[in-house]
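Participant: Structure incoming, see below.
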Amino acid sequence: MAFISFSSFGQSNTPTQGSNFWRNVRFGGGLGLSFGNNIFSATVAPSAIYDFNPQFAAGISLNYTYFKDDDFFKSTIVGGSFIGLYSPLREIQLSTEFEYMNVNRDFDDPIFEDDNYWQPAVFFGVGYTTNNVTIGVRYNVLHDDDKSIYADALVPFVRVFF
């Protein structure tokens with residue numbers, strides 16, 4: 001199975017008068033692509049982050065994922081998340097994220113019942129930052145083997161800030 005994931009955040013250059021708000025907002029998001037052995041998955045996740053100061057930032061993200069297993073089912077996942085970032089050192093990034101996704105699964109075999117449910121996730125993460133790239137891992141404390149959209153509670157990530 002192959003997996004490609006990319007997240008980017010770029011500095012906004014929106015001019016403002018009398019306010020520094022837009023100077024502290026970064027836009028970006030993530031793209032994901034996974035395929036192999038009759039499986040296909042694609043994700044689009046735009047984001048916006050606000051830098052309160054060099055150490056603290058917070059933001060929101062939307063998410064749309066399409067997943068298809070040719071032998072079993074297809075699924076659409078739609079939702080969003082709130083993220084908080086803290087950098088105690090320039091090289092270290094700690095994160096916390098609340099994610100809430102609506103999962104719609106349509107099974108090919110009538111033995112299985114189609115389902116639609118909301119799946120929460122709470123992540124705590126740590127990453128190493130160099131220049132504008134952060135590489136790390138986050139842990140979902142609410143991971144559910146049967147319902148989670150992630151295969152494991154530990155999820156690696158790459159964040160790129162422009």
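Participant: Ordering Val122, Val78, Val103 from largest to smallest accessible area (1.4 angstrom probe), what's the sequence?
Facilitator: Values: Val122 35, Val78 75, Val103 5 Å².
Largest accessible area first, the residues go Val78, Val122, Val103.
Participant: Which of Gln119, Gln93, Gln55 moves the most in a Gaussian network model of the chain with Cα springs under 10 Å?
Facilitator: Looking only at Gln119, Gln93, Gln55, the largest GNM fluctuation is found for Gln55.
The values are calculated or read from the model by the stated rules, or taken from the named source; none is laboratory data. Note that this is a predicted model, so its numbers are computed, not measured. Side chains included, ligands, DNA and RNA excluded: accessible areas come from the protein's heavy atoms. Shrake-Rupley method; radii C 1.70, N 1.55, O 1.52, S 1.80 Å.
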